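Notes to accompany the following structure.
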Amino acid sequence: MTEAIRGFWVASATPLAADGSVDSVKLAAHAKRLFSEGVDGVVLFGTTGEGTSFNAAERIATIEAVLKAGVAPEHIGIGGGFPAISDSIALTRAVLGLGLRHVLLLPPYFDRSVTAEGIEDAFAAIIDGVGDDRLRAYLYHIPQISGVAIPTHVAANLRKRYGRVVAGLKDSSGDFKQFQAFRAAAPELAITVGNEADITRAIAAGGAGTICGMANIAPELVKAMVDGKDVEARMQAAIDIVVKSPSFLTTLKAILAAQTGDAGWLRVRPPLRALSDGTALKRKLDELVAPAIA
């Protein structure tokens, strides 16, 4: 079983049923379709998966259903970040019991005045509370969303303290200099990037690969970046279609709905508001993807 997330992983969107619960059947089918496109694994309930809108019990039940649908545990990671450390511990213990190992951990968010020492203490409390060497934890750095950055020396300290249990770090800052700083401070960590435009240069600089959201709607284009093809400009244009909209998540789901012909993909949880149609956005994306993979 792989020691760390490497290669091409997708931060999966989360399909919802009419009552707002997770549509696990559709989620498993989405994962399998992505695997057929060359994807190595999926991370559920991250930022792209509206993770903070789902409690621990919902996340665990979804993992159970997706496993029963035939998705192998070694190809699944899960977002395990909560403001309460006890929730992160409970979720992590539960998914380890189901055969998963890969858990992405946000620093506890909401309090924006925490010190570097406090952030390290929080991660340490989760790892010590889980107390299981099977765990492969990934520090999740997305300060523009979470409001709390992970200092580079904290990442290095945690790797020294816990060895391979702290397997990696996902840098979703969108700042390549930040990725380089993490690499310099903690070269033993498997560092993946969330910003798709940085994938090729990050891998060339020793990065482990990507865990990214755009692969939900343009896996071929992301795979081209992973393979080192010269498609960065097209990737950035594709990213702009989504991120320059009012909401990345609702736009991505609207494009998924247009691609699949399944309006159920439009559903989101409050406080998000669903878009009515993603057909025009899909057409723009198609114009970028097809030439890039030819």
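Mind checking which pairs have a first residue in the stretch 246-268 that is part of a helix (DSSP H, G or I) and a second that is open to solvent by 30 Å² or more (accessible area, probe 1.4 Å) and β-branched (Val, Ile, Thr), Cβ under 7 Å, 6 or more apart or different chains?
Every condition considered, the pairs that remain are Ala258/Thr279.
Do we find that Ala197 is over 18 Å from Gly46 (Cβ atoms), of a type outside the set (Ser, Thr, Tyr) and within 17 Å of the chain's Cα centre (by Cα) in this structure? Give the steps one after another, and end with the answer.
Details: over 18 Å from Gly46 (Cβ atoms): yes; of a type outside the set (Ser, Thr, Tyr): yes; within 17 Å of the chain's Cα centre (by Cα): yes.
Taking the combined requirement at face value, the residue satisfies it.
This table checks each residue for (1) open to solvent by less than 10 Å² (accessible area, probe 1.4 Å); (2) in a helix (DSSP H, G or I).
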{"site": "Pro83", "(1), (2)": "no, no"}
{"site": "Pro107", "(1), (2)": "yes, no"}
{"site": "Asp132", "(1), (2)": "no, no"}
{"site": "Tyr138", "(1), (2)": "yes, no"}
{"site": "Gln144", "(1), (2)": "no, yes"}
{"site": "Arg161", "(1), (2)": "no, yes"}
{"site": "Leu169", "(1), (2)": "yes, no"}
{"site": "Arg183", "(1), (2)": "no, yes"}
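Search the stretch 149-159 for residues being of a type in the set (Val, Ile, Thr) and either open to solvent by 10 Å² or more (accessible area, probe 1.4 Å) or under 17 Å from the mean Cα position of the chain (by Cα) (or both), and hand back the single one that is farthest from Arg101 (Cα to Cα).
Looking at the filtered set, the residue picked out is Thr152.
Given the residues Ala237, Ala224, Ala263, which is the only one that is open to solvent by 40 Å² or more (accessible area, probe 1.4 Å), more than 15 Å from Ser12 (Cα to Cα) and of a type in the set (A, V, I, L, M, F, W, C)?
Criteria check complete, one pass: Ala263.
Which of the residues belonging to the stretch 31-49 are buried (at least 20 other Cβ atoms within 10 Å of the Cβ) and either touching a helix residue (DSSP H, G or I) at 6+ places or on another chain (Cβ under 8 Å) or not in a strand (DSSP E or B) (or both)?
Listed by number, the residues that qualify are Ala31, Leu34, Val39, Gly41, Val42, Leu44, Phe45, Gly46, Thr47, Thr48, Gly49.
Give the number of residues within the stretch 111-135 that are more than 15 Å from Ala155 (Cβ to Cβ) and of a type in the set (D, E, K, R).
6
What is the one condition in (1) open to solvent by 40 Å² or more (accessible area, probe 1.4 Å); (2) in a strand (DSSP E or B) that Phe8 does not satisfy?
Checking Phe8 against (1) open to solvent by 40 Å² or more (accessible area, probe 1.4 Å); (2) in a strand (DSSP E or B), the one that fails is (1).
Can you say whether Ala124 is touching a Leu at 6+ places or on another chain (Cβ under 9 Å), without any contact (Cβ under 8 Å) to a residue 60 or more places away in the chain and surrounded by fewer than 24 Cβ atoms within 10 Å (Cβ to Cβ), as far as the supplied structure shows?
yes
The values are calculated or read from the model by the stated rules, or taken from the named source; none is laboratory data. Nothing here was measured: the structure is a model prediction, and the numbers come from that model. Don't worry about glycine lacking a Cβ; one is built from the backbone with ideal geometry, like all the others, and counts go over all protein chains shown. The accessibility values were calculated without ligands, DNA or RNA, using every heavy atom of the protein model including side chains. Shrake-Rupley method; radii C 1.70, N 1.55, O 1.52, S 1.80 Å.
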